[in-house]
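One structure is given below, encoded as C-alpha cells.
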Amino acid sequence: MSLVAKLGRVVVLFGGSSAEREVSLNSGQAVLSALARAGVDAVGYDPAEGGLVGLEALAPDRVFIALHGRGGEDGTLQGALELLGIPYTGSGVLGSALGMDKQRTKLVWQAMGLPTPEAEMLGPNADWQDVTRRLGLPLIVKPVHEGSTLGISVVHSAESLATAYHEAAQFDARVMAERFVQGEEYTVSLVGDDVLPAIRVEAAGGFYDYEAKYLSNETQYHLPCGLQEADEAELGELCRRAYLAVGGEGWGRVDVMRDAQGGFWLIEVNTSPGMTDHSLVPQAAAHVGMDFETLVLRILACTLENCPA
C-alpha cells in the first residue's frame, strides 16, 4: 500500500486562537496545498471555529498540526487528541508542554549539563538593578509561553528593564530575563532521525524579531551556514540532544546562539515550527533535496510508526 493510501483522511489544523494565529493560517494553507498536490485526502480545519466537536465530525484518520503557540503547541491539543485516539504530527503531551515553557526547558538543559544562557524569572516588584547585576547587560526579556519572538525585548539598561517586563507581561503572566548572547544565530531542524543542515540567520536590524521572521525581505538565511564541518556536526549533535531532552518527537527546530569564543548556547525549541515561505525547516529540507511536498509527507509518515526525533 502506498504512503498516500496509508495516511487516509488528513485534517490540517491551523489558525487557532493564539497570538500566532496569522502565521499558523499561512503555515496550514501551505501544508494543505502540498497535500493536495501529493494526492492526499486532506481538509483544513480551524479549531477556533468549531472546537474538538467540529474536528471529530470530519472523521480524520490523523491530523497535521500546523498550529503555533498556546492551544496548539503546548500539549493541550495533544492531550485531547490522545483521548480521542487520533494520531497527530510532532511531539506528544510532555514534549509539547515542556518545549513551550522556555524556563522549564532551560532547567532541563541545565540539569543535563547542556549550555544555555543564565536566566531568572521576573515579577512586577523585581529589583531591576539587582537583576542586571546578576545577569549582566544586555539582557533579553521574553514571555515564557510565547513564540515567534512576540513580546521580546533586548534591554541595555536597568532603567529600561521595567518597561520590557511590562511589554512582555501583555503576552504572558510569566516573564523571564536571560543573558543576551552576542554573536551569530543558528537554527537546526530535525525530521525523524535526520538532523538537517544548520541555517545561520542574519537579520538586517541585528535582532531576529517578528518583523524579521515573517515580514522583512532583508533577512538573510545562510545555507550552507559557514561553519567548519566539525563545528556544524557539533552543533547538530547538541541540538539533537537538546530536543530529545525535552521529549521532542517527530520533527522540530532548535535555536542556538554562538558567542565570540565559538561556544554554542541553546535558546529554545520549537515543536510545531512555521511552514510558511519564510520558514526555516522547509529551507533546510530543500538544501538536502527534500521538496515541500516530500517534507510534509515525511512528517506525516511519523504518525504511522515509532519515529523518534
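Kindly indicate whether any position in segment 71-86 is part of a strand (DSSP E or B) and of a type in the set (D, E). So that I can check it myself, show each step before the final result.
Initially, segment 71-86 is screened for residues part of a strand (DSSP E or B), giving none.
No; the residues of segment 71-86 include none that is part of a strand (DSSP E or B) and of a type in the set (D, E).
Select from segment 25-61 the residues that are in contact with a Lys or Arg (Cβ under 8 Å, 6 or more places away or on another chain), surrounded by fewer than 21 Cβ atoms within 10 Å (Cβ to Cβ) and not in a loop (DSSP other than H, G, I, E, B) and list them in ascending order.
D41, V43, A48
Return the residue satisfying two criteria in turn: it lies in segment 238-253 and is more than 15 Å from L196 (Cα to Cα) and of a type in the set (G, A, S), and of such residues it is surrounded by the fewest Cβ atoms within 10 Å (Cβ to Cβ).
By that ranking, first place goes to A245.
Condition check: under 18 Å from R179 (Cα atoms) and open to solvent by less than 10 Å² (accessible area, probe 1.4 Å). Does L235 satisfy that? Reasoning before the result, please.
Numbers: under 18 Å from R179 (Cα atoms): no; open to solvent by less than 10 Å² (accessible area, probe 1.4 Å): yes.
Considered against the rule, which asks whether it is under 18 Å from R179 (Cα atoms) and open to solvent by less than 10 Å² (accessible area, probe 1.4 Å), L235 comes out as no.
In segment 72-124, how many are within 30 Å of G51 (Cα to Cα), without any contact (Cβ under 8 Å) to a residue 24 or more places away in the chain and of a type outside the set (A, V, I, L, M)? Even if it seems obvious, please write down each step before you answer.
Keep residues of segment 72-124 that are within 30 Å of G51 (Cα to Cα), which gives 72-105.
Filter once more, keeping what is without any contact (Cβ under 8 Å) to a residue 24 or more places away in the chain: 76, 78-79, 81-83, 85, 93, 97, 104.
Add one more test, that the residue is of a type outside the set (A, V, I, L, M), and what stays is 76, 78-79, 82, 85, 104.
Total meeting the criteria: 6.
For segment 109-129, enumerate the residues that are hydrophobic (A, V, I, L, M, F, W, C) and open to solvent by 40 Å² or more (accessible area, probe 1.4 Å). Give the derivation first.
Within segment 109-129, the subset hydrophobic (A, V, I, L, M, F, W, C) is 109, 111-112, 114, 119, 121-122, 126, 128.
Passing the criteria: A111, M112, M121, W128.
Kindly evaluate R21 against the criterion of being among the charged types (D, E, K, R), open to solvent by 40 Å² or more (accessible area, probe 1.4 Å) and in contact (Cβ under 8 Å) with a residue 60 or more places away in the chain. Can you show your working first?
Numbers: among the charged types (D, E, K, R): yes; open to solvent by 40 Å² or more (accessible area, probe 1.4 Å): yes; in contact (Cβ under 8 Å) with a residue 60 or more places away in the chain: no.
Spelling it out, it is not the case that R21 is among the charged types (D, E, K, R), open to solvent by 40 Å² or more (accessible area, probe 1.4 Å) and in contact (Cβ under 8 Å) with a residue 60 or more places away in the chain.
Across segment 254-293, which residue is modelled with the lowest pLDDT among those that are open to solvent by 20 Å² or more (accessible area, probe 1.4 Å) and acidic (D, E)?
D277
The values are calculated or read from the model by the stated rules, or taken from the named source; none is laboratory data. Note that the structure is predicted; figures quoted are calculated from it, not measured. So basically every Cβ, Gly included, is an ideal-geometry build from the backbone, and we count neighbours across all protein chains shown. Heads up: the accessible areas ignore ligands, DNA and RNA and are worked out on the full protein's heavy atoms, side chains in. Shrake-Rupley method; radii C 1.70, N 1.55, O 1.52, S 1.80 Å.
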